[in-house]
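J.: The following block contains the structure, expressed as structure tokens.
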Amino acid sequence: MAKYQFAVTVQPQFLPDYSDPSEQRFMFAYTVTIKNTGDATAQLISRHWIITDANNKIEEVEGDGVVGEQPVLQPGEAFEYTSGCPLPTPVGSMRGTYHCVGADGTAFEARIPEFVLSMPRTLH
């Protein structure tokens, strides 16, 4: 097992009540679970998202923490949060990394696997 390691899973969801296809506005929520699968305490410091819409337009978003927090996770602990992403197309994807720091100051990256944002009935 790695000393410093976070596992990231994401569950996306289309939000029809906040979307307006006639205005090319498609709103998605995503719930992220970050679990410390290493054997030492570590902290999530910042995020870097790469968001791609169906027109292959890429937007990068960087910032401190997640939902205003920089959680410290003991081995085996998890942190969950929900956020949102507007897109101009009914389909897109997100992926990225979290920049993290171990208790001894060791920096490491936690990969956020790519996931699809899709309005229901737009993918076969």
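J.: What residue, among those in region 49-60 that are over 20 Å from Ala107 (Cα atoms) and not acidic (Asp, Glu), is surrounded by the fewest Cβ atoms within 10 Å (Cβ to Cβ)?
T.: Step one: list which residues in region 49-60 are over 20 Å from Ala107 (Cα atoms), which gives 50-60.
Remaining after also requiring not acidic (Asp, Glu): 50-52, 54-58.
Working: Ile50: 15, Ile51: 18, Thr52: 18, Ala54: 16, Asn55: 10, Asn56: 8, Lys57: 12, Ile58: 10.
Going through the qualifying residues, I end up with Asn56.
J.: Quick check, is Thr41 within 17 Å of the chain's Cα centre (by Cα), in contact (Cβ under 8 Å) with a residue 24 or more places away in the chain and on the phi < 0 side of the Ramachandran plot?
T.: no
J.: Kindly check whether there is at least one residue in region 82-90 that is over 19 Å from Pro16 (Cα atoms) and either touching a residue at least 60 places away in the same chain (Cβ under 8 Å) or part of a strand (DSSP E or B) (or both).
T.: no
J.: Here is a check on your reading of the model: is Val8 out of contact with any Asp or Glu (no Cβ under 9 Å at 6 or more places or on another chain), hydrophobic (A, V, I, L, M, F, W, C) and modelled with pLDDT of 95 or more?
T.: yes
J.: Output the residues belonging to region 45-66 that are among the aliphatic types (A, V, I, L, M) and more than 16 Å from Ile112 (Cα to Cα).
T.: Ala54, Ile58
J.: With the requirement that a residue be small (Gly, Ala, Ser) and either under 18 Å from Phe14 (Cα atoms) or not in a strand (DSSP E or B) (or both), what does region 49-81 give you?
T.: Once the filter is applied, which keeps residues that are small (Gly, Ala, Ser) and either under 18 Å from Phe14 (Cα atoms) or not in a strand (DSSP E or B) (or both), region 49-81 yields Ala54, Gly65, Gly68, Gly76.
J.: Among the residues of region 88-107, are any closer than 24 Å to Thr41 by Cβ, in contact with a Gly (Cβ under 7 Å, 6 or more places away or on another chain) and either at pLDDT 95 or above or not polar (S, T, N, Q) (or both)? Talk me through it step by step, then tell me what you get.
T.: Quick first cut of region 88-107, residues closer than 24 Å to Thr41 by Cβ only: 96-107.
Those left that are additionally in contact with a Gly (Cβ under 7 Å, 6 or more places away or on another chain): none.
Among the residues of region 88-107, not one is closer than 24 Å to Thr41 by Cβ, in contact with a Gly (Cβ under 7 Å, 6 or more places away or on another chain) and either at pLDDT 95 or above or not polar (S, T, N, Q) (or both), which makes the answer no.
J.: Right, Glu114: over 20 Å from Thr9 (Cα atoms) and assigned to a strand (DSSP E or B) or not?
T.: On the way: over 20 Å from Thr9 (Cα atoms): no; assigned to a strand (DSSP E or B): yes.
When the stated conditions are applied, Glu114 does not pass them.
J.: Right, Glu109: within 16 Å of Ala29 (Cα to Cα), among the acidic types (Asp, Glu) and either assigned to a strand (DSSP E or B) or under 16 Å from the mean Cα position of the chain (by Cα) (or both) or not? If you could, list the steps in order and put the result at the bottom.
T.: On the way: within 16 Å of Ala29 (Cα to Cα): no; among the acidic types (Asp, Glu): yes; either assigned to a strand (DSSP E or B) or under 16 Å from the mean Cα position of the chain (by Cα) (or both): yes.
No; evaluated as a whole, the condition is false for this residue.
J.: Limited to region 31-48, what total is found for residues that are outside any loop (DSSP other than H, G, I, E, B) and buried (at least 18 other Cβ atoms within 10 Å of the Cβ)?
T.: So the first thing to find is which residues in region 31-48 are outside any loop (DSSP other than H, G, I, E, B), and the list is 31-36, 42-48.
Pick out the ones that are also buried (at least 18 other Cβ atoms within 10 Å of the Cβ) and you get 32, 34-36, 42, 44, 47.
Within region 31-48, residues that are outside any loop (DSSP other than H, G, I, E, B) and buried (at least 18 other Cβ atoms within 10 Å of the Cβ) number 7.
J.: Considering every residue within region 15-27, establish whether at least one is over 12 Å from the mean Cα position of the chain (by Cα), closer than 14 Å to Ala110 by Cβ and either at pLDDT below 95 or in a strand (DSSP E or B) (or both). Working first, answer last.
T.: Initial filter on region 15-27 (over 12 Å from the mean Cα position of the chain (by Cα)): 15-27.
Going one step further and asking which of them are closer than 14 Å to Ala110 by Cβ, we end up with none.
No, that holds for no residue.
The values are calculated or read from the model by the stated rules, or taken from the named source; none is laboratory data. No experiment lies behind these values; they were computed from the predicted model shown. Note that each Cβ is placed from the backbone with ideal geometry, even for glycine, and that neighbours are counted across all protein chains shown.
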